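The structure appears below as structure tokens.
The values are calculated or read from the model by the stated rules, or taken from the named source; none is laboratory data. Fair warning: this is a prediction, and the values are worked out from it, not measured in the lab. In this analysis, Cβ positions are derived from the backbone assuming ideal geometry, glycine residues included, and neighbour counts consider all displayed protein chains. Areas reflect the complete protein model, heavy atoms only, side chains present, ligands, DNA and RNA absent. Shrake-Rupley method; radii C 1.70, N 1.55, O 1.52, S 1.80 Å.
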Amino acid sequence: MRSREYDLEFRERAARIRDWGTILLVVAGLLWGWCAVLLMTEYSVETRSGFEKECAARLFTDGGTANEGVYAGDYCADERDWPEALAVLGLSIPVALVGTALFTTGSVSRRMSGHAQAMRELDRLAERRAKEPEESGRSQG
């Protein structure tokens, strides 16, 4: 395989790796958004008697319905619990780390390939310039 073909294939692989990293970072962002929704939005639950009960956001309550409601027989405490939100947040961490690693690897690989190509072009130009005085000296002499 010629070096140019290999370089193009290398860049395509690097672009695919970077794209996978981007996808994983988007997934991690969606998981963070889901965690934020679970913690910051008010919600309603249906009681045994069929009525709707409004519940405060899990993050913005000091006590009351979300945290101490279990002891008072409140339905809000059971609907959105901390472990669910923390599990979503915990799942997002490895996804974000792998996405960051892939994105960085793909980006750096493409940049290094471009740098190597630029260096090869500069070497060719330097060789061409070095040959020009030799050729002009031969033709004059």
Report task. Out of Ser92, Ser109, report the one residue that is open to solvent by less than 100 Å² (accessible area, probe 1.4 Å) and either at pLDDT below 75 or touching a Leu at 6+ places or on another chain (Cβ under 8 Å) (or both). Result -> Ser92
Query raised in the report: For the stretch 27-58, what are the residues that are among the β-branched types (Val, Ile, Thr) and either open to solvent by less than 30 Å² (accessible area, probe 1.4 Å) or in contact (Cβ under 8 Å) with a residue 40 or more places away in the chain (or both)?
Result: Val27, Val45, Thr47
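Residue-by-condition table, conditions (1) at pLDDT 90 or above; (2) out of contact with any Leu (no Cβ under 7 Å at 6 or more places or on another chain):
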{"residue": "Gly63", "(1), (2)": "no, yes"}
{"residue": "Ala77", "(1), (2)": "no, yes"}
{"residue": "Arg80", "(1), (2)": "no, no"}
{"residue": "Phe103", "(1), (2)": "yes, no"}
